[in-house]
1. When a/c is below 1.5 the answer is rounded, else prolate if a/b is larger than b/c, else oblate, so apply that to region 242-330 with a ≥ b ≥ c taken from the square roots of the Cα gyration tensor eigenvalues.
2. Checking the a/c ratio against 1.5 first, then a/b against b/c, what shape does the Cα gyration tensor give for region 180-290?
3. Per-residue counts of other Cβ atoms within 10 Å, averaged by peptide: what ranking do you get for 300-306, 314-320, highest first?
4. For the peptides 148-159, 259-270, what is the packing order when you average, over each peptide's residues, the other Cβ atoms within 10 Å and list the highest mean first?
5. Starting from 0.36 nm per residue, how many nanometres of slack lie between residue 261 and residue 240 once their C-alpha separation is accounted for?
6. Indicate the gyration tensor shape class of region 225-266 (rounded, prolate or oblate), computed on the Cα atoms with a ≥ b ≥ c the square roots of the eigenvalues: a/c under 1.5 is rounded; otherwise a/b larger than b/c is prolate and the rest oblate.
7. For a quick check: sort 219, 258 by the number of other beta carbons within 10 angstrom, fewest at the front.
8. How much length is gained on full extension from residue 222 to residue 272, taking 0.36 nm per residue of separation minus their Cα-Cα distance?
């Protein structure tokens with residue numbers, strides 16, 4: 001009886017030890033997994049406290065291990081329970097440890113991608129600016145006030161036949177000249193107004209044969225001519241221009257030269273008794289402006305067409321004069 005009672009006591013003690021040792025296998029596992037989940041969630045949201053959350057399951061798992069060790073009456077069942085608790089603790093500690101670097105790696109790659117994008121945007125080349133044409137400067141701009149000189153040769157284009165003391169005279173080509181001051185004011189690089197004050201001499205020469213001797217008659221007419229031109233210029237450095245406008249001419253004086261049989265005679269006329277000293281007409285030309293030094297060189301061809309005079313009665317033999325002029329000038333800008 002005693003042995004049977006002793007045996008039953010040992011069985012009851014063993015069952016008690018097994019009940020106490022087997023409880024930590026399942027009971028601590030729940031809070032451990034719950035803690036691991038919350039830890040993973042916490043570390044996913046906040047990457048900094050990942051180490052703190054990983055340490056909590058380790059301390060929670062160690063507390064149940066200490067209780068069965070103190071309560072165990074016999075050392076026999078303890079070795080069987082020890083590996084189970086160690087395995088659980090190992091699983092709990094490795095699970096958050098494996099998850100923690102994953103979340104930290106995820107959080108660290110985001111700013112790296114942002115830096116790459118910012119670097120890519122910073123390194124993105126700017127759009128090349130459209131090349132702008134340099135503005136014309138100096139004498140080539142055509143803007144503002146400019147002054148200069150102009151001079152050249154003119155030629156009467158009318159064909160005429162004169163008579164002198166019943167001698168028919170044939171016209172010969174003899175050029176005259178023109179020279180004066182030009183003033184140009186440019187409102188833009190294209191449009192400008194150009195008045196001029198010129199001194200002109202128109203020359204007509206006739207010749208005939210009288211009794212086997214050559215007879216020559218040359219008439220010169222001196223006048224002041226004032227054209228008012230509207231001018232259009234095109235180009236940047238070497239420019240082409242056209243101009244047109246009215247002109248007036250006031251006769252100053254004239255002279256008559258005669259040559260016959262080696263003798264010459266000159267007569268002057270101050271036009272005091274001449275009716276119609278003031279002539280008016282239209283003029284126009286075309287030319288080129290070439291930059292030269294501080295100013296521009298002007299080369300121009302021009303045509304004048306007389307429309308009438310201030311005479312009370314137009315003479316029956318009046319012929320509208322047509323004058324062609326070729327000139328060279330130089331103009332200097334004074335300011336914009």
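1. Working: a/c = 2.69, a/b = 1.51, b/c = 1.78.
Since a/c reaches 1.5 but b/c is at least a/b, the shape of region 242-330 is classed as oblate.
2. Values: a/c = 3.94, a/b = 2.27, b/c = 1.73.
Judged from the Cα gyration tensor, region 180-290 comes out prolate (a/c at least 1.5, a/b above b/c).
3. Details: 300-306: 18.1, 314-320: 9.4.
Per-residue mean Cβ counts within 10 Å order the peptides as 300-306, 314-320.
4. Details: 148-159: 16.1, 259-270: 10.5.
Output ranking for 148-159, 259-270: 148-159, 259-270.
5. Values: separation 21, 0.36 × 21 = 7.56 nm, distance 5.03 nm.
Separation in residues times 0.36 nm, less the Cα-Cα distance, equals 2.5 nm.
6. Details: a/c = 6.89, a/b = 2.54, b/c = 2.72.
Because a/c hits 1.5 or more and a/b fails to exceed b/c, region 225-266 counts as oblate.
7. Details: 219 17, 258 14.
Taking fewest neighbouring Cβ atoms as first place, the list is 258, 219.
8. Working: separation 50, 0.36 × 50 = 18.00 nm, distance 1.36 nm.
Fully extending the segment from residue 222 to residue 272 adds 16.6 nm.
Every number in this text was worked out from the coordinates using simple rules, so none of it is lab data. Here the structure is a predicted model, which means the values were calculated and not measured. Cβ sites come from the backbone with ideal geometry, for glycine too, and all protein chains shown count toward neighbours.
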